[in-house]
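The values are calculated or read from the model by the stated rules, or taken from the named source; none is laboratory data. Keep in mind that what you see is a predicted model, and the values were worked out from it rather than measured. These area figures cover heavy atoms from the full protein model, side chains too; ligands, DNA and RNA do not enter into them. Shrake-Rupley method; radii C 1.70, N 1.55, O 1.52, S 1.80 Å.
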Amino acid sequence: MSTANNPFAPENIFAGILIGVIGGILSTFIVAVLTHYIYGGVPNRRRLVSVSCAVAGSIFIVYIILTAVSGPRSVSNVPPTQSQSTPIPTTTPGEVPTQLEPQPTDTTVPPTVSVPPTPLPQPTYTPIIASTPPSQPTFTTVSISSLAKSQWPCNLQLMQGNRTLLGVPFDVGWTITTEHQTFPSSITLAVAFKNPKNVYLLWQGGWAYTQYSGQMVGEVSLSFASGGPLIIPVILGDNIRDWTISDQDAVNTATSPMLQEAWRGREFDVDCQPPFSGREGRMDMLTIDLPESYLGDELVNIEIKDTAPGDPAIHLNGVTVRYIP
């Protein structure tokens, strides 16, 4: 228990006694003075002591009672503690206290000190050189007009000029025939084609009777800048056949998949004027695929040889080469 509301605490009893004694002395003095002035004589000492003790005891009792009843001091009586952050105005006597104006709060955001970023290592770019797309193979016709002894502007109704047969262009209207009466035994064409891929021959067999079926009647020789020729045997009934379709005495079938019928028509009459009432015939296309090893080479010569001593003959109607420029 706190001593503030304990009347019997030593300090409270001491204070009560002290106040009672002082009160008793003062009351005795007051009684003596009043007796002297009122009654005109000297007051009785015993009476003064009795009055003094009575007053002192009364004061002591009153003090103790008041101490017990008053209780502890209220906290509200304690002046509030001033905050260190609030300034206390000071005044001198006679001076009107100055009213402190509220200071505006500085809302300015301090500038941010930017730290330069550490430079990252730049990647090294290797330039990519765009490669030139490979050239596409192209077709080129080889003219045989300078070697032809006969010009057939409407051979089997195929009119003279550039004609595309089975997707391959040919320059037609001329025919070279080998080893028949006064015709030569070979046909030689000087060419110049780099990176050759295919050679196409538009041809027919003449007087190709069944008695020669299965025999080698000639050869195709392809010469290159690098050296030795590539030889393709010509065998009747395999990669060449007679031009007629219905002649029972002629070989009009073939077994090689490289030989395809490219054109069919009838023999022409005088001056290629209709009606075309002659026999029905055809022209075949022989495809010669060159090995990949010749792509870096150059085709310089095409030779067609007739190796038969007499019949049959070879009718050459057109030549085309497919190559990569």
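Listed by chain and number, the lysines whose alpha-carbon sits under 23 Å from that of Lys149, ignoring those within fewer than 8 places in the same chain, are Lys305.
Go through Met159, Met285, Met258 and list them by solvent-accessible area, largest first, probe radius 1.4 Å. Spell out each step's value before the answer.
Details: Met159 95, Met285 5, Met258 65 Å².
Ranking Met159, Met285, Met258 by accessible area, largest first, yields Met159, Met258, Met285.
Ranked from largest to smallest solvent-accessible area, with a 1.4 Å probe on the protein heavy atoms, Ser221, Ser135 come out as Ser135, Ser221. Sequentially through the range 252-259, phi angles give Karplus couplings (6.51, -1.76, 1.60; θ = phi - 60°) of 10, 10, 8, 9, 6, x, 7, 9 Hz, Gly and Pro residues having no value and appearing as x. Projected onto their three principal axes, the Cα atoms of the range 177-325 cover extents of 49, 33, 31 Å, largest first.
Can you give the accessible area per residue of the range 175-313, in Å², using a 1.4 Å probe?
Working: 6430 Å² over 139 residues.
On a per-residue basis, the range 175-313 sits at 46 Å².
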